[in-house]
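Rule-based calculations on the coordinates, nothing more; no lab input. The structure displayed is predicted, hence computed values, not measured ones. Counting neighbours? That spans all protein chains shown, and the Cβs are built from the backbone with ideal geometry, glycine included.
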Amino acid sequence: MARFKNKNKKALARPVKNQPSVDHITGQKIPKSFVFSRGKLPGPLRDLELDLRKLMLPHTALKLKEKKRNKLKDFLNVAGPMGVTHFLMISNPKSVPHLRVARTPQGPTITFEIQEYALAADIARSQARPSCPKELFSNSPLIVLSGFGSGGQHLKLTTIMFQNIFPAIDINTVKLSSCRRIVLLNYNNETKLIDFRHYSIRLQPIGVSQRIRKFVQKHEVPDLRNLQDVSDFVTKAGYGSESEADEESATVSLVSDLGRVNRASTKSAVRLQEIGPRMTLRLVKIEEGLCSGAVIFSEFGKEADDAHEEEDHED
């Protein structure tokens, strides 16, 4: 016998964990972002979009669903109630990849031409020992800007935009365990290009052998079959290779314990490992509003202004 579906039965929905909108230490509003595309994108640019979403974690919509019929105002209508402060939009007008970073709801909007890019997967394949655990993305990355102080107003606006896209930190109260990633933007005044890099941060104690460090950190039983005594494991462990030499300029003195190996009042070496994505950007336009309004800066004149004209009309 056929069964009839109960129309009055409501679908079950999983509860969504609400993130705080204000930092309880600094008292400032936590910036949140949407990363989405405008127009049709090829496969590699779709992957770049997903990499940027992961980079912006945890204050972004990792599984944001997009539809072809979505207009810019659709994202803007949702952004307000969710406390979203920034849009990162990837487009491909005339087969030239572009990244637009906008402040909601009234702008400004900064447009970059993506001249080169490498996905996180490409960078991992190029490394001998890639490492990118999920725990890295439980906190927002730090932001470091280099070379932007010697430019004009357009570089000052770019600096302010990127500084406000990530939560501010208080150096007096920040926990070392939350500083796990860093985003580096370096501006070359000669080429007028911006190198965009994303690294993971890890600390290694100075004066501790690699074997001992791995034993304490990973809780793995060492292989002692070829040793005569347990003391041989310590005495023959060595103190690092040439690639792991401790440089004075790359060492820090910890003020608190960090993990099982890095202890307070001891020196540790700072290690950066690139986790991607990697981009080479060229600043081409700054608009006063949200993808509209007066053009504050244009690198190539009217040609740059017309590059997104058709796309902006669709929005």
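A compact table of results
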item	result
Extension gain (nm, one decimal) between Gln127 and Arg282, 0.36 nm per residue minus Cα-Cα	53.1 nm
Label-to-label distance, nm, for residues given as Lys94 and Val270 (7 Å Cα→Cβ offset)	4.1 nm
Region 147-152 - phi-based ³J(HN,Hα) in whole Hz, Karplus 6.51/-1.76/1.60, Gly and Pro as x	x, 8, x, 9, x, x
Extended-chain gain in nm, criterion 0.36 nm per residue less alpha-carbon gap, Arg46 and Cys179	45.1 nm
Virtual spin-label span in nm between Glu190 and Asp229, 7 Å along Cα→Cβ	5.9 nm
Filter on Lys65/Lys192; Lys29/Lys65; Lys40/Lys156 - keep pairs with C-alpha separation over 28 Å	Lys65/Lys192; Lys40/Lys156
Shape metrics for region 64-149, restricted to C-alpha atoms - Rg then Dmax, Å	16.5, 45
Asn172/Phe300 FRET efficiency (R0 41 Å; Cβ-Cβ; nearest 0.05)	0.40
Ile160 paired with Asn77, simple spin-label distance in nm, labels 7 Å along Cα-to-beta-carbon	3.1 nm
